[in-house]
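Note sheet for the following structure.
None of the figures in this text is laboratory data; all of them are computed from the coordinates on show. Model, not experiment: these values are computed from the prediction. Glycine gets a Cβ as well: all are built from the backbone with ideal geometry, and neighbour counts include every protein chain shown.
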Amino acid sequence: MLKYFGKRLLVLLSVLVGVVLFVSTLTYLIPGDPATIILSQRATPEVRQKLIHELGLDLPPLVRFGQYWWKIFHGDFGYYMLSGRPVLPEVLSAVPYTFILATVGIFFSLFIGMVLGILSIYYKDTLFDHILDVLSATALSVVQYVAALGLMLVFSVALDWFPAIGMGDKGDIVGQIRHLVLPVLALSISWIGYIQRIVRQVLAETLFSEYVKTAKSFGIPRRRIIIRHCLRNAVKPLVTVVVTGWGALLGGSVFIESIFARKGLGRLIVTALTQRDYYVAQAGIMVAVVLFIIAVMLAEIINAVVDPRIRLE
Amino acid sequence: MDKEVILEIRNLSVRYRTRKGPIMPVANVSLRVREGECLGIAGESGCGKSTLALAVMKLLPPNARISTGSILLNGEDLVPLSEKEYGRRIWGKRIIMISQNPHDALDPVFRVRDQLEEILWVHEKSQPGNHTAQRESHGHEIERILTGMGIPDISRVLGAYPHQLSGGMKQRILTAMAFFCNPSILIADEPTTALDTTIAAQVTEMFKDLMKAHSTSLVYISHDLALLSELSTSVAVMYAGEIVEYGKTADIASKPMHPYTTALLAALPSASKSRLDSIPGRVPDLSNPTRLCQFSPRCREKGGWCTEEKPELLEVTPGHWARCSKFLTTDTDRSIHGAR
Amino acid sequence: MKRFSVLVILLVAASVLAFAAPEKVLRATSTWQASFDTASVGSGNIPVHSLIYEWLVRYKGGTAEVEPWLAKSWEVSKDGTTVTFRLQQGVQFHKGYGEFTADDVKFSIERIVKEKLPEAETWKNLDRVEVVDKYTVKLIMKSPTPTIFTIALPFQAGQIFCKKAVEEMGASAFNKTPVGTGPFEMTSFEVGQSITLTKFAKYWGKRTLDADKVVFSFPSDPLTALQAGDLDFAPVYSALNIADGKKAAGLDAVFRLTRFWWVSLPCTDPILKDVNARKAIRAALDIDAIVKVAGFGIAPRGYAMVPPGLPGYWKDAPKYSRDLAKAKEFLKAAGYPNGFTVPFLANSNTNDPAVEIIRQNLAEVGIKLDVNSVEDSTYWSLAPTGKYITIISYQTLPDAGYTLCWFVSDQFWNTMKWSNKQFDDLYNKGQMTMDKNERAQIHIKMQQLMDDDCAMAYVGYLPNGVIYRKGAVDFGPNNEALLVNGVVDTSRIRMK
Amino acid sequence: MGYGNTLQNALKNLGLRAFHKIRKQKWVIAKIVRNPSAMVGAFIVALMIISAVFAPWIAPHDPLKTDIEHRFEGPSAHYLLGTDELGRDTLARIIYGARTTVPIIFGVVVLGAAIGVLLGILAGYYSGTFLDKLLLWIFDVISTFPGIILVLALVAIFGSSDLVLTLILAFWRIPSYGRISRTEILSIKNETYVKAAEALGARRWRIILSHMLPNSLPPIIVLGGMDLGVVVMSIAGLSYLGLGMQPPKPSWGGMLSIGYTYIRQSPWLIIWGCVTLVIIMIGCSLFSGGLRASLKPEESLSE
C-alpha cells in the first residue's frame, strides 16, 4: 500500500510544479504596470524609472521568468515590491488564520449537512424531504459576500451579538471565538446545502443496494442500517468532497476574509493580484496549492482507511 | 397427514412501471407453504419468481407495487403492513430471504465477523429473556454455528472482508446465519445460480441438513427442476407470471400434466437420454399479456380448446393443479381459488 | 466534570482582565500603506502618518494658512530665497533616539533631493539646507519659492525623520519601524491587517487626541463596521460613501469638496485632436444629469478646476449647458456630421452610474462610445495613457499650483496628453511669484487656457472626508482635524 | 408518494387534457412529471429560457432607458420591482438579464461538458496508458488552482467580454466533467456488452460513441444541471471584484454586486438579485435532481 501512496505523492508533486509554472506565466500576463499602481501621483518620471529598474520590470519577460525561478531554487521567494520585505514569512503568517477558518467552517458544515442529509433519507419522499430539498438548493445559491453582509447587518449592527470585523487580540480566546462565528456562518451556508444534497443522494443509492436488502431481510432496524451501513459507504464520496473543499478553503475564501477584515491567504493573494505585487501573489498561490495537495493526499488516505477494497488493492 | 398451512398467497398480482408501460410479472398467483415443508418454485428466468419473493418480503423496488391479492402469514395479511412494522415483526424473525447474487450481499466495508455479530445481536434482542449476552460470547457462538455448517478455516473467513471471499463461501455463511435465526419461513432466491456446480451441490446439501435440523419451512426458487425434485415437498411451476402447475413433487415428477412442465422435465439431462429436447420459441413479452394461454405459442399439445378462453388453474387430481384447457373436458371445476 | 470547571474559571479570568484596565482605544481605518518611510513611498497615508511624523510648520485648522509647530518661529530674507527657522527645544524622538535637532531637518529635506525620492519635484528649487546651530536651520532656495509654506513644509515633502534612526537601521528596516516626533509611536503592525500605535509618553507638544492606543484595520466595507461599533471613523473619498454615511443611523459624515471631477478628452486621439470634436462632446454632455446621478446629493456641479475657497479659484468661469444643436454644428465643423466612435475607459469596481449617462448623452448626437469597463488597477494603468475618454477625479492640494501641475506638457498623469506652451510657461512663472494675488491670477489664466482649448469638460467637486460614529469622535471647531483638502489629520481628533 | 398524486389530481381537475397526452408519449418526461420537485425545476428552467428568447415581448420597460427622477425606488405600480441607480426598471433588467446570462451559463456547461466528457472518455478508455495519466494530470492542475483566483487571473488577462468569460468558465469546469465521465467509462468498460462489441471487431470509436457515451450521460447531465446555478454565482463573484460582464447590458451576476454597492441607497436591488439567484439555483438543482431520478436505468426485473 505504501507503494501506492508513494506513486500518488509523485503525481501530486508534478501537479504542484505544473500549477506553479501555470501561475507564474499567468501573473506576468496580467495587464497594468505595477510602477504606476504602486507609486503615488506625485512620483516623478525618474523615480518611476528607478523603481521599474529596481524591480527588474524592464527586463524581457523570459529573463524575469528565469530570474524568478533561479531565486525560488535558492529559497528566495521574492519580496514585496514596495517595502522590499521578504514575501514568504508574510504569506506563511496568513496560513494559520485561514486554516482555522477553513477547518471550523468545513467541519461545521459537514456536521449540519450530514444531519440534514440523514433526516431527509429517513423521511424519504415525504413533504419534509421536499422542503429540505428546496432549502438546500436555496442555501447553495447563497453568494458568500451577500451572506457576509447580511449576517453582519443582522447580528453585528442590529442585534450586536457578535463583533463585525477583526479577529480578536492574541491572548483573548473568547474574543477570537466571537470573531469567528459570523465568518464561519457566512462560509458554511452554501457548503451545508451542498453536503446535504450529496449525503442524501449517496444514501439514496446505497439504500437500494444488495447488502442493505440482506440487512433488512435479517431484521436489522432501519435506523441502524442508515447510520452503520449506508453512512459508512457514503463516507468515501463525502470525504472526497469535504477534504477537497477544505483544501480550496485553505486557498482562502476571498470574500469572507476581506469583508470581515480577517487576515488570510485568499485576501492576501487577491490584494496582491490587484496591486500587481507579483511575488506575493505567486508565493501565496504556491502555498495555497501545497495546502490543497496535502488535503487531496489526506482524502486519499482516509478513503483507503474507510474502504478496504482500495487499501488491499 | 398434511401439515398446517403457515404461509398462504392468495391471487397476488404485482405491477411494475417500466419504460414500455406497466407490466405484471406476477398475475394473481395463489400458493400455500406448509410448516416444515419446502415449496419449490420453478420456471425460466423472467417468469416472475423473484418478484414474487420480493413481494412477500416487501423489498420491491420503488417502481413496483402489489396491485391485488394478499399474503397471509399464520392468517395475518402482510400486504397492508408498513415497512416499520415489517422491520419490527417480520424481517429476521418470521421470514428471511437470501438473495441470488452473493457477491454484493455483504457490506463491502465491514469485516464478515462484524456483520454476523450484528445479525446475532439483533436476533438475540428480539428473543424473549435477557439480552446480556456479551460480545465475546457472540464470537464463540458464530464460530460454533459456522463450524456446525461444515465451513472450513473459520478464523480466516471471519477476519476477511467480503471482497476477499468466494461467492460460494458467502452464500454458505448467509444460509448458515439464516437458519440459525430460525425464522418460520426462509426464502432462498436461486442461491446456487451464481455458483459453479460443485459448490452449488454443497450448498444444496447444506439446505437439506438444515431443513432436518430446524423446523423452518423453506421456499426455494430455482430454474433447475432436478434440484427442486430432490429438495422440495411440493413444486409450483411458473410461466409468464402465472402458476401453470402446482402439486406434490412426487406427483409432478411422475405425472407432469401441463405441457410446459413435461417439456421442462424432458429438457433435463439424464443417463438414459442421448439428445436433449429444447423448448422452441421465447418467453413471452410481459408488457402485452395475451388473454389466452400464455404458453400456447410454444405448446406441442395445442388443440382447438386453447383458443377459446383463458384456462383456469384446475385441480385435475386431488392436490395437483394445472392450468390447461385440455383438462376442461373432464368437467373438473374445482379451481385453486375455491379450495378449502 | 473537574476539567470543565477549570476551563470556566479560566474564561472568567480572561474576560475580567480585559475589562480591568479600560484603555481608551481609537479604532479607525485607512488605505493600507506597505511602507512607513513616507518619503521613499511618496504618497504618505496621512491618517496614519500624522500620528507618527510631524512638520516644521503645520496647517491651521481647515485653512491653507500655516502655524508654527516644530519650528517655533521663522524669518524670510528680503530677497525671499532664504528662510531661517528657530526650532522647538527638548523635542524627543520615539524609541529613545534622542532629541530633535537642526541636523534632522537638514537630513529629512536633503535626503529627498539626493536620493531622488518621489517628492524631489517639490524641492526642485532647493539650493541647500544650512545648520546654523543645534536649534536654528536655514533653508536656502535658488530663487524665491512660494510653495515652501503652501505645500512643501506642511505636507508630504516636509515630514521630519530622525537622522540617527534612518542611518542606523537602514532604509528597509526603517520602513517597518518608523521613528518620528509625533504624539503616537508605532508598536506593531500585521501586513494588510492592522496597525497599532500607542501613546508616546515623552511627547513634547500639547496633545489633542488623548487616546491610549490607536488601531487601524482594513475591512473592505467600513460602513457596516462603523454601524456595528467596531470602528470610530473611516476616511472616505466617494460621494456614495459620504451619502451612505449620512443616511445610516448613528453615523455622520464630515467632508470638504476638494476632489476636482472632470471628463478627460484625449487631445492626441486621431479624431479628438480637432478641438471642434472635443467641443461637440462638451456641448452634448448633460453635466447636471451626471452630477445628479453620480453626486448622490453631495457633490455639487463645478465650472473650474480649483475648488471654491482655495486660492486660485476661477469665480467667473463659463457655465456650459447642454446644447445639441451646437454639438451638431461642432461635429460638422470637425468633419464628422453623423458622429464617430471613440474608446471610453470606466472603472468597474466603482459601478459609476455617470458612465451610462455619458454614453447615452453622446449617443444622441451620433458619438458612439466603445466602453471598456476594467478593474481598478488596470484602470489606473490605462488612464494616464491618453488613449481613452474617461470620467476621473484628482485630489486637489492646498496649493493651486500643485492642482494644475498635472496638465503641464508630457506630465505622466496628464490624461488628456494636452500640451500648451503658454500653459507651461505660466505654470513655471506661478511657481516663482511670491505674491498671493498675482499667483492666483496666473492660476486662473491657466484654467482659462484649458477651458478655451476644451481639453476637458469640468463636472464638479467630489467630497474627501470622514464617516464617523456620532458621539465617538469630534473633529474640533470648523472641523480643524480635516486638512483643507479633506484629508484627516488624526492627531487633531478629539475623543468623546 | 401521496404528495405527488395530489399535484396530479389538481392538474387533472384543471382539465389539462394535453397534460395527459404528454404523459403517455415520453417515458422520461412522464417520470419527471410524476416527481413534483422535478416539475418545479423544469418549470423554472423553462421560464429562464423563455425570458431569454422572448425578453422584448415580456419585459414591461426597456432595460437601458434611464429615468433620473425615479432612482432607487421600491416596487411601484409603474415599476413592478422598483428601479436601480439610474432609474432603470429592475424587472426588465432581470428578464433581459436572462438574454445575456442564459447563453453564457448554457454555453459554459455545454462547452465544459463537451470537452470534459471527450477528455474523460479518452482517459477512461485508454486508462492506465500515458494519455490517461496526462489527462488526469491536466485535470488536477486546473482544479488544484484555488477557486476563483484562476478565473480572476484569466479574466484580468483576456478581458471579460461574453465570449471570453464563457471560454474561461468552461475551461474551469472541464475537470469535474472529465473526472465523472472517466469513472463512468471505467465502470462500463468491462461490462459484458462492451467486451462483446470489441470481440465482434467493432472499431474503437464506434464503441465509445454508441455504447459508452449514452450510458455515461445521466450523471453528466445531472452535473450540468447543477452547474448552471454555480456559473451564475461565479459571475456574481467576478462582478464583485470588478471583473464581471461589460455594462450596460444587464446580467444576473452583475445585479448582485451592484445591489451590494447601493445597498444603503435602496435595499431592493440586492433583494431582487438574491431572489433571482435563489430561484435559478432551486430550478437548476430540482431539475437536475429530477433528471437523475428519471434517467436512472429502471430497476430491471431481477430474474
Of the candidates D:ILE68, D:GLY87, D:ALA52, the farthest towards the positive dipole end of the stretch D:43-110 (Lys/Arg Cβ +1, Asp/Glu Cβ -1, centred on the Cα centre) is D:ALA52
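Per-residue ellipticity at 222 nm for chain A, helices alone: DSSP H runs ≥ 4 residues times -39500 (n - 2.57), over residue total, nearest 500 deg cm²/dmol?
Result for chain A: -24000 deg cm²/dmol, rounded to the nearest 500.
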On a straight-distance basis, which lysines could pair with A:LYS50 in a cross-link, Cα separation under 17 angstrom, same-chain partners fewer than 8 positions away excluded? C:LYS114, C:LYS116
Say the dipole of chain B comes from +1 at the beta carbon of Lys and Arg and -1 at that of Asp and Glu; which of B:GLN202, B:LEU227, B:PHE295 then lies farthest toward its positive end? B:PHE295
List every residue whose amide H lies under 5 Å from the amide H of C:PHE200, counting only residues 5 or more places away in sequence or on a different chain, with H placed 1.01 Å from N in the peptide plane. C:PHE184, C:GLU185
Nearest 10 degrees, 0 to 90: helix C:436-452 Cα axis against chain C principal axis: 40
Hydrodynamic radius by Kirkwood, which averages 1/r over all alpha carbon pairs of chain B, in angstrom: 21.3
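Between beta-carbons, use under 15 Å as the cut-off and find the net charge around C:ALA228, counting Lys and Arg +1, Asp and Glu -1.
Numbers: positive: A:ARG178, A:ARG262, C:ARG27, C:ARG469, C:LYS470, D:ARG264; negative: A:ASP160, C:ASP221, C:ASP230, C:ASP232, C:ASP244.
Its environment carries a net charge of +1.
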How large are Rg and Dmax for the stretch C:258-462 when only the alpha carbon atoms are used, in Å? 16.3, 50
Per residue of the stretch C:482-489, in order, report the coupling 6.51 cos²θ - 1.76 cosθ + 1.60 (Karplus, θ = phi - 60°) as ³J(HN,Hα) in whole Hz, putting x for Gly and Pro. 8, 4, 5, 9, x, 6, 8, 9
Spin-label point model (7 Å from Cα, Cβ direction): what's the A:LYS7 to B:SER45 distance in nm? 3.4
Inter-chain shielding of C:32-39 (mean C-beta neighbours from other protein chains, 10 Å cut-off): 3
Cross-link reach list, lysines versus C:LYS319, counting only Cα pairs under 20 Å and skipping chain neighbours closer than eight places: C:LYS279, C:LYS292, C:LYS328, C:LYS445
Two pseudo-spin positions, 7 Å from Cα along C-beta at A:PHE108 and at B:SER215, lie apart in nanometres by 6.0
Would you tally the net charge around B:PRO102, using a Cβ to Cβ cut-off of less than 15 Å, leaving B:PRO102 out, and scoring K and R as +1, D and E as -1? -3
To make sure I understand the rule: partners must be aspartates and glutamates, Cα under 12 Å from the Cα of A:LYS3, and not fewer than 8 residues away in the same chain. Which ones qualify? A:GLU313
Using the alpha-carbon atoms, what tilt in degrees (0 to 90, nearest 10) does helix C:421-432 show relative to the longest principal axis of chain C? 30
Please determine, in degrees from 0 to 90 and to the nearest 10, the orientation of helix C:324-334 with respect to the longest principal axis defined by the Cα atoms of chain C, where the helix direction is its Cα long axis. 80
Expressed as a whole number, the average count of other chain Cβ atoms within 10 Å around the Cβ atoms of A:279-285 is 2
Antiparallel DSSP beta bridges within the protein assembly as shown, percent to nearest 5: 75
Dipole check, the stretch A:175-255, charges on Cβ (K,R +1; D,E -1), about Cα centroid: among A:VAL254, A:THR214, A:GLY175 the Cα furthest to the positive pole belongs to A:THR214
Averaging over every viewing direction, what projected area does the convex hull of the Cα atoms of chain A cover, in nm²? 21.5
For residues of C:346-353, the mean tally of beta carbons on other chains within 10 Å: 6
Using Cα pairs closer than 8 Å and at least 6 residues apart in sequence, work out the relative contact order for chain C, in percent. 20
Among the Cα-Cα pairs of chain C, the proportion with separation greater than 31 Å, in percent, is 50
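Mind putting a number on the dipole of the protein assembly as shown about its Cα centre? Charges go on the C-beta only, +1 for Lys and Arg and -1 for Asp and Glu, and I need it in Debye to the nearest 20. Don't skip to the answer; put the middle values down first.
Numbers: 151 positive and 128 negative charges, 299 e Å.
Value, rounded to 20: 1440 debye.
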Rg and Dmax of the protein assembly as shown, Cα atoms only, in Å: 41.6, 148
